[in-house]
C-alpha cells in the first residue's frame, strides 16, 4: 500500500456515539472491564520513591537534597513540593545523560558533589537515586567513598545515601530508605551504653501537613516532654516571608539526630512509611520503640497521649483534657451532618488508617477505601479496622487500584464525598460530589498544610471542613422553599 | 525568515551598564569551583543588541550540582508537545513518577469530555522490578489493548518512554507498529527518555520527529483546501491562550485548520500539510516541523508574537502581508477595533507600572516574546535567559534587550539569586521552583510557564489579564507587610 493510499480523512466522532460512550463509562459493564485491567494504570494516587527521599532530606538542618540520576526528576520533585507547600524546595542533581548511561554516573556525582558543596555550603548532602542509575547498577557506596578519597568533598561531611528505584514501592518507601540512611550516618559511633538523653524521638513519616508537625511539638511541650522530630519539615516548608530567602530555613538539628540513638523512647506514627527505619531502630536505638497509628480523631489521639504519658511517666496535661472535651463537644454537636454519610477515601496507607478511624468515630461510612500501591497486609489491617465498627461493615478495601477504578466505583455505587489529595478532583467532579483535600499533594487550594488534621484540633478541623461543605452545598443547591435561616 | 523584531535599539536602562553587568558576572563566577566557572562563564553575558549573534552559549549540558532549573526530554515530549493533544491517550511508559508529576501541571487546557473525547489524565505502565528485568514490551502491548477498549473514542495513542525503557533495550517502535495495525489507530512511539540530551529541548525535537514520521500527511481535511487556510503552531493553550489567539486570526479572515498542539486534535495535526501558511508562536519547540513542512510540502512559515498590543499589531500586519488585500484590510480593522480597548487597559495600569523593571527566566520563547508586553506597560527588562533555548533563540533575544542588560542561559539558583540581589528588579518572571525563593525575599513574582494559575496571556483578551496580573503582583499591598515594625 502506497503512502498516498493510506491517507484518511479527518473525522468527527458522531454526537450520538459520544453520548453512548459518555453513558457507557458510568455503567456496571464498564466497571467490570475497568477492573479487569492488568497492565494499564490510569490516574494513580501514588508517586515514586525519590520524592519521599527528598522530603526527608529537606527536613534536616542545613541539608541539601541531592539527586543522583536524571535532572528532570529533580525538577519534578522540586516542583511538586513547591506547588503543594507554596514554598521553595531546594534540591540539586548530578544531571546524568547518555554518557552516564554508558560509563556510569561516578564522574557526574564527583562534579555534582563538589559544586553543590561549594555553592550551597550544606552541613549534609543527602543523596538518593532516580531510575537511571538503578537500572545501570551504579555503586553509590563506592562512588561516595571515592569522592571523599579524591577530595571532591571534605572527609567529615555527612553524605547519607539511599537507593530509591522508582520501579519499586512508592514515595513512602523512598521516605523510609532516606530516613534510615540519614539516621545511620548521623548516629554512627554516637551510641553510649547507659546514656539516656531523656528525649522522645518522634518519627512523623511522610506527611505533607506542616501543621501536624507543629501540633505534635505543641503536645510535647504541654506534656513537658523533651523531643526530637525525625525528620522535621515544619520550618522548612512553612518558613516566614520577612524579606530574606533562607536556603536552609530549619529542620532537625544534626546533633539532635545524632544523639537520638540514646533517646528515652522512639515513636513512629506511620508504620508503613517507616517500616525499615523502625526495624533498624529496633535493633540499634536505646529506649523504648513504639510504632502506632497517626493520631487522627479522638481515640487514636487518646492512645497517642496515653502512650506519651506511659513512656514519660507524666499525666496527660489538663489543657489537653479540656481540648479533648471541646473536640468531643464539636463532634457531638455536629454529628448529624456526617452520620451515615458515605465516603470514598484514597491516599497513602498511614493516612488512610487515620481518616477511616475518624469517619467511624463520627458515624460516617468509609465505603470505598483505596490505596493505589500497597500490600495485602494493608488490606488485612484495613479490613480489621473497618470491622471494629458497624459503620465499617459496608466498606470495601481496594488495593493496587487507581483513581480511574475509583471513578467506576463512584458511578456505580455512589457516595457523598471523597477524601483524598488533589488528584481525586476529576473523579469527584464526574460524580458530582465534593472532594475533601486531606493528603498529598494539594496543589489547587491554599494553606491546607497549615491546618492540622491530627490530634483533637485536627479532628475539629476535619469536621468543620466536611460538615460546612455539606451545608454550603445544601444552601447553594436547594430550591427556594427549602432554603432557610438555620441549618 | 524571522521578521518579528523591531529594528530600533532600546534606550539604555538607567543604572544598567555593560561594566556593571560584567562585574556582577565575574563576582558570581568567582564563588564557583574552577571547573564550574569555566563551564558556566560562556553562558552569562552583557547584552550587545547590535551584535550579529548573541554572545552567550546555550544548549549545553547542565553543570552537575549547580541546581539548574531544567527538566528532561520526557518533560519536553509529554508536557509540551504531546500532552496538549486532547483526543489521544498519552502513555507515560515506565515507572510511576514521571506521569504523576506531569499530570495537569502544565495548564494546557482542553475541550472535550474527560475520559470520553479528551484525556487530561495520567496513563502509565507503572513499571515494577519485573518489568525492568524481563522488559516492558509485552506489558505495553497489553496496555494499549486495554486503553483502546476502555477509551474507544481516543483517536490514537502516544507512547512516551521514560528513562528505564531505553536502558533495558525495549523496542517500543516495534510494539507501536504492530499495535497500529492491530488497533487500526495511530500508535506513535516517542523515544524521549529523560537522560537523552541536555534539556526539555531534545524532547521537543524527538516529538516533532515522531509527528513527522507517524502523523503528518496521514490525514486530509474533509473540506476543500482554501486560500486562507493556516495552522497555529507552538501555542499550547496555557490558561486558554489558543482560545484568545485563534479568534483574532479568524477575525482577520484566516481559517485556522489545526493547532499544534494546544487543545489539539491529532487528525487535524496530521492534515496540516494542506495549509497555506504555518504561523509559529513557540519557535523553540516546533520550528522543526515547520521546516519539515516547508521542505516537503513547500509550506512557508512565519513567526509571530501575540503578547501585548504592539507586538500583536506588528504580527497581524506581517501575517496579513502574506495574503491579499481583503485580509490586510481586515487586519487593519481588527487593530483599529482593539486600539481603544487596549488604550483603556494601558490607562488603567501603566501609571502604576511605568519605570519598573523585571527580570525573566523561562523556557525557550517567552523571555523575548513577552518583552513587548512588559514594555507596553512601561516595564523594562534588565535581565533575561532561558532554560533550554538554543543560539537562534538568543540571537532573536539580543535585539529586544537594552545594551548591557544581563543574559543568562540555564541559570542556576545560585546565580539567579545573586543577579536579582544586585539588579533589584520590581518583578521576577520565572517558574514554580524559583517563585518562592524570590517571594520570601519580598520580590514580586509571576510564574511565566503556567501564567501562575491565570491566563490566557495571548492576544487582546490575554493582554487585559496579563496587565492586571502584573499590576497585581507588583502593587499588591501584601508586599508592604513583609518588613515587621519590631
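The values are calculated or read from the model by the stated rules, or taken from the named source; none is laboratory data. Quantities reported herein were computed from a predicted structural model and do not represent experimental measurements. Cβ: placed from backbone, ideal geometry, glycine included. Neighbour counts: every protein chain shown.
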Please count how many residues of region A:115-148 are under 22 Å from residue A:247 (Cα atoms), out of contact with any strand residue (DSSP E or B) (no Cβ under 6 Å at 6 or more places or on another chain) and touching a residue at least 60 places away in the same chain (Cβ under 8 Å).
1
So, in region B:101-126, how many residues would count as being in contact with a strand residue (DSSP E or B) (Cβ under 8 Å, 6 or more places away or on another chain) and not in a loop (DSSP other than H, G, I, E, B)?
3
So is residue B:50 touching a helix residue (DSSP H, G or I) at 6+ places or on another chain (Cβ under 6 Å) and either more than 12 Å from chain A (Cβ to nearest Cβ) or in contact (Cβ under 8 Å) with a residue 24 or more places away in the chain (or both) or not?
no
Can you say whether residue B:358 is crowded, with 23+ Cβ neighbours inside 10 Å, without any contact (Cβ under 8 Å) to a residue 40 or more places away in the chain and not assigned by TED's automatic domain parsing to the domain that holds residue B:200, as far as the supplied structure shows?
no
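Report whether or not residue A:419 is more than 27 Å from residue A:48 (Cβ to Cβ) and buried (at least 22 other Cβ atoms within 10 Å of the Cβ).
When the stated conditions are applied, residue A:419 does not pass them.
From the list B:212, B:196, B:284, which residue is closer than 17 Å to residue B:81 by Cα, touching a residue at least 24 places away in the same chain (Cβ under 8 Å) and part of a loop (DSSP other than H, G, I, E, B)?
On the way: B:212 fails: part of a loop (DSSP other than H, G, I, E, B); B:284 fails: part of a loop (DSSP other than H, G, I, E, B).
After ruling out the rest, the residue left standing is B:196.
More than 27 Å from residue B:242 (Cβ to Cβ), surrounded by fewer than 24 Cβ atoms within 10 Å (Cβ to Cβ) and within 13 Å of chain A (Cβ to nearest Cβ): is that true of residue B:60 in this structure? Even if it seems obvious, please write down each step before you answer.
On the way: more than 27 Å from residue B:242 (Cβ to Cβ): yes; surrounded by fewer than 24 Cβ atoms within 10 Å (Cβ to Cβ): yes; within 13 Å of chain A (Cβ to nearest Cβ): yes.
Considered against the rule, which asks whether it is more than 27 Å from residue B:242 (Cβ to Cβ), surrounded by fewer than 24 Cβ atoms within 10 Å (Cβ to Cβ) and within 13 Å of chain A (Cβ to nearest Cβ), residue B:60 comes out as yes.
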Residue in region A:29-53 that is surrounded by the most Cβ atoms within 10 Å (Cβ to Cβ), counting only those that are facing chain B (nearest Cβ under 7 Å) and over 30 Å from residue A:67 (Cβ atoms)
A:34
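Does residue A:312 satisfy the condition of being away from chain B (no Cβ under 14 Å), modelled with pLDDT of 95 or more, surrounded by 17 or more Cβ atoms within 10 Å (Cβ to Cβ) and in contact with a strand residue (DSSP E or B) (Cβ under 8 Å, 6 or more places away or on another chain)?
Numbers: away from chain B (no Cβ under 14 Å): yes; modelled with pLDDT of 95 or more: yes; surrounded by 17 or more Cβ atoms within 10 Å (Cβ to Cβ): yes; in contact with a strand residue (DSSP E or B) (Cβ under 8 Å, 6 or more places away or on another chain): yes.
In short, yes.
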Kindly indicate whether residue B:65 is under 19 Å from residue A:75 (Cβ atoms), facing chain A (nearest Cβ under 7 Å), modelled with pLDDT of 95 or more and more than 22 Å from the chain's Cα centre (by Cα).
yes
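Go over the candidates B:160, B:167, B:153 one by one and state the one that is under 18 Å from residue B:122 (Cα atoms) and surrounded by fewer than 23 Cβ atoms within 10 Å (Cβ to Cβ).
Numbers: B:160 fails: surrounded by fewer than 23 Cβ atoms within 10 Å (Cβ to Cβ); B:167 fails: under 18 Å from residue B:122 (Cα atoms).
Of B:160, B:167, B:153, the one residue that is under 18 Å from residue B:122 (Cα atoms) and surrounded by fewer than 23 Cβ atoms within 10 Å (Cβ to Cβ) is B:153.
Can you tell which of A:90, A:95 is in contact (Cβ under 8 Å) with a residue 12 or more places away in the chain and within 30 Å of residue A:242 (Cα to Cα)?
Details: A:95 fails: within 30 Å of residue A:242 (Cα to Cα).
Result of the check over A:90, A:95: A:90.
Residues of region A:386-407 being within 16 Å of residue B:122 (Cα to Cα) and buried (at least 21 other Cβ atoms within 10 Å of the Cβ), which ones?
Taking region A:386-407 first, the residues within 16 Å of residue B:122 (Cα to Cα) are A:400-407.
Hits for region A:386-407 are A:401, A:402, A:403, A:404, A:405, A:406, A:407.
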Reported set for region A:238-248 where residues are facing chain B (nearest Cβ under 10 Å) and in contact (Cβ under 8 Å) with a residue 60 or more places away in the chain is A:239, A:245, A:247
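Within region B:390-426, how many residues are part of a loop (DSSP other than H, G, I, E, B) and either within 13 Å of chain A (Cβ to nearest Cβ) or without any contact (Cβ under 8 Å) to a residue 60 or more places away in the chain (or both)? Walk me through how you get there before you give the answer.
Quick first cut of region B:390-426, residues part of a loop (DSSP other than H, G, I, E, B) only: B:390, B:401-405, B:410-411, B:424-426.
Keeping just the survivors that are either within 13 Å of chain A (Cβ to nearest Cβ) or without any contact (Cβ under 8 Å) to a residue 60 or more places away in the chain (or both) gives B:410-411, B:424.
Of the residues in region B:390-426, 3 are part of a loop (DSSP other than H, G, I, E, B) and either within 13 Å of chain A (Cβ to nearest Cβ) or without any contact (Cβ under 8 Å) to a residue 60 or more places away in the chain (or both).
Check B:78, B:38 and return the single one that is outside any loop (DSSP other than H, G, I, E, B) and closer than 28 Å to residue B:215 by Cα.
After ruling out the rest, the residue left standing is B:78.
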Among the numbered conditions (1) buried (at least 20 other Cβ atoms within 10 Å of the Cβ); (2) part of a loop (DSSP other than H, G, I, E, B); (3) more than 7 Å from chain A (Cβ to nearest Cβ), tell me where residue B:55 comes up short.
(1)
